[in-house]
Structures are given as structure tokens and as C-alpha cells.
Amino acid sequence: MKVKTNEVLNVKYTARNTPKSIILVLFTLLFIMLPLSVMRDSSEKSPKIISLVSGLKNSTEVKKCNIFCGKWIHYPEGPYYDNKSCHWIIDQQNCMKFGRTDSEFLHWRWKPDECELPLFDATQFLNVVKGKKMVFVGDSVGRNQMQSLLCLLSHVFEPEDISLKYTTDETYFRRFYYTEYNFTLANLWSPYFVKSSEDNMNDHSYDSIMKLYLDEADKAWTSQVEDFDIVIISAGHWFFRPLLFYENKQLVGCNKCGKENVTELGHYYGYKKAFRTAFRTLINLRRFKGVTYFRTFSPSHFENGDWNKGGNCIRTKPFSNEEMKLDGYVLETYLTQVKEFKAAQKVATKKGLKFNMLDTTEIMLLRPDGHPNNFGHAKDKNVTFNDCVHWCLPGPIDTWNEFLFYMLKLGQKSGSKVQRIF
């Protein structure tokens, strides 16, 4: 029922007609009762105070809405942490340490059109994931998000690094344990999701040709993922390099391989098939009963040249929604993976598995200011390329974990599948 403005104002008009004698009596009673209420035993809780506190708690509860449709707004408060308060930031994303002087990029926050995105609450997050295991599966951008989460949680609790109990490769496979919460946070490196190998074992350059076996999932993650309750899966930029595609152990085509008598299929083909294999593997793993969060493609922002031809990203503020639209290869890459996700989600739902999507592509397309560029290393290091793929910490990538916190909390509240947003 809608309440009209004049209906609200009528309350004021009624108060004006109250006899002065009645007002005087009420004022006298209030004057008498107020000291008595103060003299109560401090352990006695006022129902009004309880009601007020309850109301405040309710105001922070997550409301179901499309959190991925909105805009970046100026946020004077700044980030949750900095490079001095969080020691988990690796050099490649430690932009302030290596001389980035502008801080404007740290003062923007995502504002959904339909609701408020709750601030990240480290204590609440750890309580939601208490007794669980969470893993990021994919490439270094996924690991970038895990490092953001480590920083967001660090002012509440510092984990124990237990990586060496599970692997000798601490660069690509990390595990952290939060003892008070019995919570494990990890990443499993698998940039293609599928089995891969060098075409030329003597060539390890950035543009060397890789073989992808598109119908064979990579055991680097499939051998361990069943032990986890929450899986965040993502991949992207590795599929743009020269690739040979194999199916049923037969060469079927390639992406930018330059080989005679090999059909050029483009990166979308390999991308589609790799995601299909990854989702199918998660659905069919016998012991996997966890919740899967698929995080969509994270766009790069190279300008003034390609990534290997002097391209850089020197902007210091976001694009507006009018300045930048989702189109071209970014849109096609995004639609390719989302189509595979939607098909897999239908199958997963029938099997009682929860598949959800962190729809971050268009949101991050608006943030050309959030990359390290040339502030991910010391100036005396001979680094050839600027980094316009990964994200500074702190920076816009922290928003991904605000989304994750929102969806985990909403899922806990409803006890059912989190809202699907496409």
C-alpha cells in the first residue's frame, strides 16, 4: 500500500490540535519517569534498546538484487587495507610500493542500481565459511583475487601457510589455514583447465605454441578439488596465445599457430571447449558436493600498443557507463563462457549441485585505472612488458570479494541456490 505525502503530514496537523493541558501532563509524567529509568539496574535491558539494535542489524542484511548492474561511484573512505598493513601482497601487484603516486583509483566503490552492496566484513565472512575449504581454480588473475581475500581477512586473523604440506611448488599451489575458524583457503594453478604441454619443449617464450587436449581435464586441479566445499573457477588471457587443439588425441585445429594444413579455429573454440570440460568434470566428480562460483572474464586495458608492443594503462580514474560499452572480442569472449556456464548449470541443478556466477566482466571493463602498469616491480629491473591484466592491491579487485561475501551470505540465509544473474 502506498502512503501519500499528505497522509503523513496529517499526523503533524493532529498534534497541533492537542490541548495544551494534556501536553503539560504528559511532559510532567515524562519528567518523573526518566530518572526512575536511569536508576534501573544496568543489567536490565530496555525493550526499546533491543528493538533498536535489532533494527540496526536488519539494516545490514543482504537483500536479493542484481548486484552486477550499477556504476562506480566516488568513495572518499578509501580501501580496507594498504600495502603496509597487508604483507600478503606480491610485488607484481604492490603498486604503491613501487612508486605509483596517484591514489584516486582507490576511492571508488561499486554501487548496484537496485540495492546497497554490503561492505566486506572479515569476521562475518570467516563465520560464514567456518569449517569449510575454499579454492580458486584457474590462472594468476584468480590467484590475484585470492591474495585480495587474504588481505581483506588479515586485520581479523592471520592464517598459517600450510602449502608445503601439500606441494613443493609454492608459486602456483598455495594453502592457508585459519585455525580458529577451521577454514582453508587455497589456489590450484590451471590456466587452461585441460591437459596442456609445450609444442616445442625448447621454446618457453611468451608466444610459444601450446598443445591443449580439450576433452581431458587437467589433473593438477581435478585430483584435489573434491576436497573443497567452495570452488571459484575462472580463466581467460592464456587462451589468446598460439594454441594447438586436440580432441580424442587428434589435432583438430589451432589458434594463431601459423602451421600449414592446420585449420585456424580461433581462441573462442578452445575457450568454449575448455570450459565445457571443466564444468562437466565438476558435475561428474563422484565426491564433489561443493558450491561452484564461476567468475567471468577479466578484461585487460592495453592502450598505445599491444601487450608486447609497448602497450600501457596509465589512466587514473574509471570510465563512466556511457564512455565504455561491452562489445567486440571482450563481449564475444564473455558470451562464449557464459553460454557454457548456463548449459552446465542446468545439468548441475538436476544433480543437486549449486552453480553460481560472479558476473564481473562489464564492471571491470570500466576500471582501466586499476592495473599495475609499470608499478609491479623495482625500476632497476629489466621488465619488458607493462601489466594491464592483473590488478593492484588494494584496488578494484577487492570488489570481487565483496560480491563473493554477498553471495555466500545470501546463500547461507536462504539455504538455496543464490540468485542467477546473466
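Can you work out ³J(HN,Hα) from phi for every residue in the stretch 222-227, in order, using Karplus 6.51 cos²θ - 1.76 cosθ + 1.60 and θ = phi - 60°, giving whole Hz and x for Gly and Pro?
3J(HN,Hα) across the stretch 222-227, in whole Hz: 5, 6, 10, 5, 5, 7.
Can you compute 3J(HN,Hα) from phi for each residue in the stretch 239-249, using the Karplus curve 6.51 cos²θ - 1.76 cosθ + 1.60 with θ = phi - 60°, rounded to whole Hz and x for Gly and Pro?
7, 8, 7, x, 9, 10, 9, 10, 9, 6, 6
Which distance in nm do the two modelled labels at Arg287 and Lys259 give, with both placed 7 Å along the Cα-to-Cβ direction?
Calculated label separation equals 3.7 nm.
For the stretch 93-415, what is the accessible area per residue in Å², given a 1.4 Å probe and the full set of protein chains? Write out the running numbers ahead of the final one.
Numbers: 13960 Å² over 323 residues.
Ligands and nucleic acids excluded, the result is 43 Å² per residue.
Filter Lys249/Lys289; Lys273/Lys350; Lys71/Lys325; Lys273/Lys346 down to the pairs with a C-alpha to C-alpha distance above 24 Å, please. Display every interim value, and only then the final one.
Details: Lys249/Lys289 30 Å; Lys273/Lys350 22 Å; Lys71/Lys325 12 Å; Lys273/Lys346 17 Å.
Those over the limit are Lys249/Lys289.
Pull out a ≥ b ≥ c, the square roots of the eigenvalues of the alpha-carbon gyration tensor of the stretch 178-251, then state rounded if a/c is under 1.5, prolate if not and a/b is larger than b/c, and oblate in the remaining case. Provide the component values of the computation, followed by the final result.
Numbers: a/c = 2.95, a/b = 2.07, b/c = 1.42.
In terms of gyration-tensor shape, prolate.
Any idea of Arg174's accessible area? Nearest 10 Å², probe 1.4 Å.
Ignoring ligands and nucleic acids, Arg174 comes out at about 60 Å².
Counting only DSSP beta bridges with both residues in the stretch 134-228, tell me the antiparallel percent, nearest 5. Each step should come with its number before you reach the end.
Numbers: 13 of 18 bridges.
Here the share of antiparallel DSSP bridges comes out near 70 percent.
Can you give me the long-range amide H partners of Asp218? Hydrogens built in the peptide plane at 1.01 Å from N, cutoff under 5 Å, separation of 5 or more residues or another chain.
Val194, Lys195
Tabulate in residue order the Karplus-calculated ³J(HN,Hα) for the stretch 77-86, using 6.51 cos²θ - 1.76 cosθ + 1.60 with θ = phi - 60°, rounded to whole Hz; enter x for Gly and Pro.
The phi angles translate into 5, x, x, 6, 8, 9, 6, 8, 7, 10 Hz.
Let me know the shape class of the stretch 93-415, please: from the alpha-carbon gyration tensor, a ≥ b ≥ c as square roots of the eigenvalues, rounded when a/c is under 1.5, otherwise prolate if a/b is greater than b/c, or oblate. Mind dumping the intermediate values first?
Working: a/c = 1.42, a/b = 1.08, b/c = 1.31.
Because its axes are fairly even, with a/c under 1.5, the stretch 93-415 counts as rounded.
Determine the share of the stretch 93-415's accessible area contributed by carbon and sulfur atoms, expressed in whole percent, with a 1.4 angstrom probe.
Details: 6640 of 13960 Å².
C and S atoms contribute 48 percent here.
Would you please give the residues with an amide H less than 5 Å from that of Val291, counting only those at least 5 places away or on a separate chain, with H modeled from the backbone geometry?
Counting only residues 5 or more places away or on other chains, the set is Ile230, Val231.
Restricting attention to the stretch 86-137, which trypsin sites (Lys or Arg not before Pro) occupy a DSSP loop and are surrounded by at most 14 other Cβ atoms within 10 Å? Let's see the in-between values first.
On the way: sites: Lys97, Arg100, Arg109, Lys130, Lys132, Lys133; in loops: Lys97, Arg100, Lys130, Lys132.
For trypsin sites (Lys or Arg not before Pro) across the stretch 86-137 that sit outside H, G, I, E and B with at most 14 neighbouring Cβ atoms in 10 Å, the list reads Lys130.
Whenever you get a sec, line up Met357, Met96 from highest to lowest accessible area (probe 1.4 Å, protein heavy atoms). Can you show the working numbers first?
Values: Met357 5, Met96 60 Å².
Solvent-accessible surface, decreasing: Met96, Met357.
The values are calculated or read from the model by the stated rules, or taken from the named source; none is laboratory data. Just so we're clear, the structure is a prediction, and the values are computed from it rather than from any experiment. With ideal geometry, Cβ positions are generated from the backbone for all residues, glycine too; neighbour counts draw on all protein chains shown. Side chains included, ligands, DNA and RNA excluded: accessible areas come from the protein's heavy atoms. Shrake-Rupley method; radii C 1.70, N 1.55, O 1.52, S 1.80 Å.
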